[in-house]
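Report on one structure; see the data block that follows.
The values are calculated or read from the model by the stated rules, or taken from the named source; none is laboratory data. It should be emphasised that the depicted structure is a prediction, and the values quoted were computed from it without experimental measurement. Every residue, glycine as well, gets a Cβ built from its backbone with ideal geometry; the counts of neighbours run over all protein chains shown. Only protein heavy atoms, including side chains, enter the accessible area calculation; ligands, DNA and RNA are left aside. Shrake-Rupley method; radii C 1.70, N 1.55, O 1.52, S 1.80 Å.
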Amino acid sequence: MQRVDKENYYLDIAQTVLERSTCRRRLYGAIIVRADEIISTGYNGAPRGRLNCVDLGYCVRQQLNIPSGERYELCRSVHAEANAIISASRRDCLGATLYLVGRVGSASGELIHDATSCSMCRRMIINAGIERVVVRNTATEYTITPVSTWVENDESLLPRLD
């Protein structure tokens, strides 16, 4: 028997966490791991006490034909990364790794091969002190991103106009 490597082990757990997701479009699961210990988990879904899109039977962003990656403020869900960070202490996040898996919200079970954190989640990941993010691309392949590259390549800066 071949033993699964640590990155895929934690990605498998994050993939199980996404099964709790309540988004109709895309399902995400995240876990934060530090020193080989799971600190917290998170999946995307409406804030506690509010109805989820799966309960409502519709997605506002789909009804408005909003493309993926745009107008997140209209979404009912709190993202998986944000939920994992909310459930952890900053002390436990310092130097940790966040594992993220995304799947299309359909019966196909298709993984999102180019999943990435949105700009709002990136800012939270940076401030939480997380060191790297590992994203599943296929059943066994993944991408590792050092969070320092998000700090160095700040996509939120616009060119100066003077």
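Laid out as a table, the results:
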{"read-out": "Residue 94 versus residue 35: modelled label distance in nm, points set 7 Å from Cα along the beta carbon direction", "value": "1.2"}
{"read-out": "Percent antiparallel among DSSP beta bridges (both partners in segment 36-161, rounded to 5)", "value": "65"}
{"read-out": "Local electrostatic count at residue 151 - Lys and Arg +1, Asp and Glu -1, tallied over other residues with Cβ under 14 Å", "value": "-1"}
{"read-out": "Between segment 114-129 and segment 39-72, the Cα center-to-center distance that results, in Å", "value": "18"}
{"read-out": "Estimated [θ] at 222 nm from DSSP helical runs (n ≥ 4, -39500 (n - 2.57)) normalised by residues in the chain, nearest 500", "value": "-7000 deg cm²/dmol"}
{"read-out": "Two-site label geometry, residue 52 and residue 86: point separation in nm, points 7 Å out along Cα→Cβ", "value": "1.4"}
{"read-out": "Of [x] 49, 40, 30; [y] 38, 32, 30; [z] 58, 42, 29, the label for Cα extents along the principal axes in Å derived from the coordinates", "value": "[z]"}
{"read-out": "Rounded FRET efficiency, nearest 0.05, which uses the C-beta distance separating residue 149 from residue 6 and R0 of 22 Å", "value": "0.55"}
{"read-out": "Protection-proxy order for peptides 112-123, 70-81, 50-61, 89-100, each taking the mean of Cβ atoms within 10 Å per residue, highest first", "value": "89-100, 70-81, 112-123, 50-61"}
{"read-out": "Surface share of carbon and sulfur [accessible, 1.4 angstrom probe, percent] for the chain", "value": "49"}
{"read-out": "Heavy-atom accessible area per residue - segment 62-143, 1.4 Å, Å²", "value": "53"}
